[in-house]
1. I'd like the interface area for chains A and B: accessible area of each alone minus the complex, both sides summed, 1.4 Å probe, protein heavy atoms only. What is it in Å² to the nearest 100?
2. Would you work out which of A:I290, A:Q313, A:L356 lies farthest towards the positive end of the dipole of the range A:281-369? Charges go on Cβ: Lys and Arg +1, Asp and Glu -1.
3. Taking one equal scatterer on every alpha-carbon of the range B:3-243, how large is log10 of I(q)/I(0) by Debye at q = 0.12, 0.14, 0.16 1/Å?
4. Run lengths n ≥ 4 of DSSP H only: what is the helix-derived mean residue ellipticity at 222 nm for chain C, with -39500 (n - 2.57) per run over all residues, to the nearest 500?
5. Quick one: among A:D326, A:D187, A:D67, which has the greatest mean-square fluctuation in a GNM of chain A with alpha-carbon springs under 10 angstrom?
6. May I ask which residue of B:N447, B:I122, B:W18 lies farthest towards the positive end of the charge dipole of chain B, with charges of +1 (Lys, Arg) and -1 (Asp, Glu) on Cβ and the Cα centre as origin?
7. Given a cut-off of under 8 Å on Cα pairs at least six residues apart, what relative contact order in percent is computed for the range B:249-330?
8. Name the long-range amide H neighbours of A:V117: under 5 Å, sequence gap of 5 or more, or other chain; modelled H, no Pro or chain starts.
Amino acid sequence: MSQKINLWRLLLKTFILFAIFNFAFTLLPFDSGSSISIYNNLIFGRERLPFGESPTQSYNLSLFDLDAMFASHIVTDTPKSENEYRVIVIGDSSVWGTLLRPEETLSGQLNRLNLSVRDKKISVYNLGYPTISLTKDLLVLEKAMQYEPDLLIWMLTLESFPADKQLTTPLVAHNIERVQKLDTAYDLHLDLNSDALLQPSFWDTTLIGRRRSLADWARLQLYGVMWGITGVDQLYPENYESAKTDFEKDELFHGWSPPELFLDQLAFDMVKAGFRITGEVPLILVNEPILISDGKNSDIRYNYFYPRWAYDQYRSIFSEMSLENDWAYHDYWDIVPAGEFTNSAIHLSSAGEAILAKAISEMILIEATR
Amino acid sequence: MTITQIAILAFVAIPLGWLTRKWQRVNLLLIISILIIFWLQPALPLRYLDFFLPTLSIGLTVLTWALTASPEVRHQKESKTSAVITLCVIFFLATTRYLNFDNFLTPTRPPPIGQVLFLLAIFVVGTFLLARQKSSSSNTLLWAGFTVLVILFIILKTPALALIASRGWRLFIGQNASLASSSDIYWLGYSYLAFRLIHTIRDRQSGRLPDVALGEYLTYVIFFPSFSVGPIDRVERFIKGLRQLESAYSDDILVGGQRLVVGLFKKFVIADSLAMIALNPLSATQAQSPLGAWVLLYAYAFQIFFDFSGYTDIAIGLAQFLGISLPENFKQPYRKSNLTLFWNSWHITLTQWFRAYFFNPFVRALRKSRKLSAGMMILVSQLVTMSLIGLWHGVMWSFVLWGLWHGIGLFVQNRWSGWAKTRLAGASLSTRTRRILSLLGIALTFNYVALGWVWFVLPNPSQGWQFILLLFGGA
Amino acid sequence: MTTEIIKPLSTFIAAEILRQPSREIAADEKLISSGLIDSFSLMDLALFVEDTFGVQIDDTELNADTFDTLNALAELIQARL
């Protein structure tokens, strides 16, 4: 009989202890801006931010904790030395390098050119992150400023401008606090009550509520071991579907029909905010190369993303705005031939990246010698 | 088993443990075990087979019982009751095809009732014929049963034969035979089931099998906590716990609960984390340096241990809820100072099975024939036994190599310790020296075992060799 | 009674298995689980028991669960004499 009581007591005690432990978790400071990491300690940091949809094969995963993500990146490794000219590139998956090995990406190829200026070695860091949204780029840009860049290059494309693209990307949706701060600091006029943004409840700050992000952190560390052992951070399929070059007679762009883009629906505010974030540090905007198709209805559309009218208009708006605001802006939209695109209208092959890297290296040298 | 399945099993086992203490212990355990082995069987691409395989598991068990039981036991009333219960449960499962909850207790929709009844009728007739014998089954008949079980085992574990079997079933049931694959037939629990059945057949032959009623026998073989992951208990040990409760219910819940929690932690936290960095056929080709290769290998060595021993803890914990103590399968194997001690503490119930039913008879025969020198006899029996243990995991060269690796290791260690025994017998070693020697032994044994896993985990021996070269900086 | 059984067993183990004729083996010393007697020597021991006492020890009984000490082995033999 007494043993029965012991059993129930034990269960009760376990439950109470767990509850205390669970709620004590809410008191722990998680937003200290840094994250414990085996990267850059036991193993080399990653050459690009963690992202991956098939973790077991790519030894990489997508998570939402920006601090943990940066802590795994090689850029956080060493403080900048005297003779380093540090360039950070941000942007979407074309910068991150879908289907490309780290050394084949834009940043990888720029580093392989061994550029230097006035005895300073130019080192280029890849802080691109897949998914297309200027708000996401801003989150990365703001964080990147901690790492003392001498120059920032922001690769952009029209698809990242529409207002409806801003908050839905997971990295933004799961980082409401950071987005709020950015919005207040730089007057972004974001719809912070949007359903796209996930509002954390008190429950989400407990151990149980945080289990997903804790598990993500742990997996990031473990896959780091695999990254260290194999140098693999992406799945490279032998076959993939090439970017579409034949299209329906469709002129719509994000629901807008010709002739005019709605300027107020394009997030140029974000670009302005980017310049305010970088302040004294030079920031160069680059309109990234797109696939110019030569297939069915390519007189109407350039590619899967863009009807010609919309894209042409975007280019002229962008160059006008740049003149008006005195932005450093380069338009490389057509420098890569159609054959050098891979599985999307913005993803380049290694040779395509080489063409782009050459153009950008000249741009960097001019900026760095200024 | 997934964590959800284990949680459900625990929720079933806790009240069941209480209920079976009061009422109908054997029959309740039997009914629940039958339901659960159908439920645990994964869905298969071969139509209806995921219903027929658990049915076969039960049918083979009943036939083996009728084959091995003594004439007096065969006609006990309680065995007849158990037979009727078993038939009713399977019949009920088959009828879910026509009720509105198919796919709930069975992995897919059960076959048409006629087919199920036909198969059951075969088993009933077979059992009836065996049970009708006036005396115990003849040795020939027992060997025939043994052979059937072994042949089934070989078919399932040999990829080429499994492919033929899959093709055959597809043709039989009217599916596209060109889609057949060697991994089509996943017969949950057969490896363990067959070894439990063979154990009773061999014990009947040596006259050591205790009298066991059908319900007890079936519960022993398909007991749900250990059905798919072992351990392989011995029937006389199992029925002791079945017939007589040894501890209070609350004690069982406490002890079993602790064991379950430890097992869950080992399997789902440690092993599943290690799995992310453990050696596998893909990562073996990707590792860029010897250091990295060793990390992969050690991670695998610990992953397989925590995975398997975690599952064993879960099985032991669940069984304890039901008042049954299953035998231990692991006793800190990586902390043993030589390979013999390692094999005394790794997958213990399997090695004991092989020792009792293969190694000992084999060595006894060799000893009596006196044809081989002592050294040769040890070499041959170690190599053959360990190869067979390798083949138990699958009929593939990689498993044979793994077995041979351990066979050679055991032989060398046996010779070495024989040599050392005579040399070091007089020497008085200080405790400190002994301690150091023991630590060296542990390190050597662990690394030997870890290197052995290379053959185990990489299905292609030449890939295994490449990886060994990489480990030692030669690739 | 059991001491009469233990004596020849312990002499056999010390001389033939351990090769240390002067070694004393305690009646409660663990033989199998400690690794003192390996699986080959265990068979030698079984054959010795058969020859000496005319008692059969089955292949399935050669394990630490059935007997791990001289005491336990002697009891097993005693029961079958």
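1. Using a 1.4 Å probe on protein heavy atoms, the buried area is about 1400 Å².
2. Value: A:I290.
3. Calculated log10 I(q)/I(0) at the listed q: -0.69, -0.96, -1.25.
4. Details: 3 runs with 37 residues, N = 81.
After summing the helix terms and dividing by the residues of chain C, the value is -14500 deg cm²/dmol.
5. A:D326
6. Farthest towards the positive end: B:N447.
7. Details: 101 pairs, mean separation 39.5, N = 82.
Reported relative contact order: 48 percent.
8. A:I122
The values are calculated or read from the model by the stated rules, or taken from the named source; none is laboratory data. On a predicted model such as this, the values are computed, not experimentally measured, just so you know. Here Cβ is always computed from backbone atoms with ideal geometry, including for glycine, and neighbour counts include all displayed protein chains. Just so you know, the surface numbers come from the protein's heavy atoms only, side chains and all, with ligands and any DNA or RNA stripped out. Shrake-Rupley method; radii C 1.70, N 1.55, O 1.52, S 1.80 Å.
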